[in-house]
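Taking it in order: structure first as C-alpha cells, then the write-up.
What follows draws every value from the coordinates through simple rules; no lab data is involved. Here the structure is a predicted model, which is why all the values come from computation and not from measurement. Reconstructed Cβ throughout: ideal geometry from the backbone, glycine too, with neighbour counts over all protein chains shown.
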Amino acid sequence: MPSQLPDELDGGDSQSRNGVTFKKAKAAENKPSTTLQRLPKNRGTGFEEYFADPPMTPAEAAEEKDELYSSDIPFETRIQSCIQRFRVRRRLTIDKTRFFNEYLFLGGIDTNGNQFGGQDRSDLKDLTPAQRRDATATDTVHTDSATSDRFYYAGDENWTVDFTAIVAGFFSTSLDLLTGGNQWEMDSAADVIENFLRYVKHHDVCPEYQQDVDRAILLCTDARHEWQLLDKLRCSFPGRFHSAASQLFSPPSSGDHWASSSFSQPQKQDYKAIFYSACALLGETEALVAAKRGSTAVAREYNCTLQVVSIEPPSEGLADRFRSLFIEQVQHHPSPIGKAFFKPATIEDGWVKPKTDIPIDETGTWLFFEKTILDYLKPGMKMELTIVELNVGIRFVKAWSNLVPTYYTFLPQVLMKHFKSPRTEERPAASVHDPNADERRYMKEAQAA
C-alpha cells in the first residue's frame, strides 16, 4: 500500500504503481552523501587483521576524486580532509587516539581542535559537506603564516613533506615515552600508523608522494622486526668475551650501564680462560705473548658512538674449533666469535654535546662479538659505548649506554612539544632598585581575585 508518511519524511520522490510505492533508488545512489557515515559498531574497529573499507558508490568515488583529493587542490587541504575522514571511518580508542595525535604533531599538524567547533547542529544545517567538516574539524593543517610556531603552515621553508621520516621519528623517540617499551602497546601504535598510511594510499590522497608512502608502510613492518632484535640484543650485549676482558683489565664500576642491565653472567667463570682461549682461536698471538710476559695493560679508555657497517660471522671451521674447545671439561665458548665493523657516528637527541677526539680512524674499527650477538646486529644500528684498548691492539666494550635501530631519526619538532611563543611583558621586572616588584604584583593580583 502507498506510504502514509508525508513527502518530506518519506523522501518526497516516489512513484505509485498498482498500489505499490517504488522509490527512485538510482537517483539516491548517484547522489553524493552529505555526511560521511561513521563506522558501524558491527564492523569492528577498522584495525582488525582482515578489515577492508566497504566499496564506495560511484557518487562517493567521484566526490573523492573531483572534490576532496583532486590534484588541483593543495596538498595541505587534501591531507586535512583525509585525516578527518580517517577518524570517522575508524574506531580509535583512547590509547590509539594518543598515538595518532602524537604522530600528527610530529608532522606539524595541529590536533588541539577547532576553538570555534562548539556549534549547534542548526548552525551547520546550511553549510556544504566540506564546510561542515572544516567547522567541526579537530585536526588542522594551517595555511596562515601567523599561526603558532609549533606547527607547520603552507609555504614554510623549514618543512618538507616526508612520510617516512615522520614515521621513523615517531618510532625512534615518541613511542618509548608513550608506551614505556611495552611490546603490545608498541604494536598497537604501529597498527594505527600503518592503517592510516594504507588509507592514504587506498584513497589516492597524494599520488605525488606515493613512493614515500610505500616506504613509510614498509618501515612499519621493518620496525616491528627490529624491536625484537633490540630487545634480545639488550639482554645479551656485550657478551661473554667483553665481560671477561672487562673483569680482567678494567672492572666496571656500579655506575656502568651494563653492570646493572639484564645481561646475566654465570656465577663462576674463568675470565682468563675465556679471554685468552678466544685470542688463541682468533689468531691474536701478540696478546698471548704479552700474557706470558705479564705486560698486558690498558692503553686508553674512551666513550664513543659507533654505527654498524658490516658483520662478519665466524667461518664454519672457526665455529667448529670454538665448539670443540674444552678446558678442564668446561666449554667456555658455547657461541663462536666473529666480528663486526663499525664507523664513528652520532645519535642526535636535541642536546648540544661537546666534541671529543676519539682514537678511532674515520675508516672505522673491528670489534669481536659472539655469534649470538652478531645475529641480532644489523648494519645501520648505532650504539654509545665505552671502549677499552689494550697495548696489544685488542679493543673491547666495557659498558654501553644506548642502542638505537637503523631507522633512528630525531625530528626537531620534538623540541616544540611544550613551546610557547614569547610575549611582551609591560610590567617592570624586579631589580636592585625595586627587588620586591614581583612580590607586590602577586599580592595585588591575589587581592583583586
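Key figures
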item	result
For TYR408, residues with placed amide H under 5 Å, excluding near neighbours	none
Protection proxy ranking of 302-310, 319-327 - average other beta-carbon atoms within 10 Å, highest first	302-310, 319-327
Tensor-based shape of the stretch 239-404 (alpha-carbon gyration tensor, a/c under 1.5 rounded, otherwise prolate or oblate)	prolate
Mean Cβ count within 10 Å, highest first, over the residues of peptides 427-437, 96-106	96-106, 427-437
Test item: Cα-centred dipole of the stretch 324-423, Lys/Arg +1 and Asp/Glu -1 on Cβ, debye	580 debye
For the stretch 376-383, 3J(HN,Hα) per residue [Karplus equation, 6.51 cos²θ - 1.76 cosθ + 1.60, θ = phi - 60°, Hz, x = Gly/Pro]	9, 7, 9, x, x, 5, 10, 8
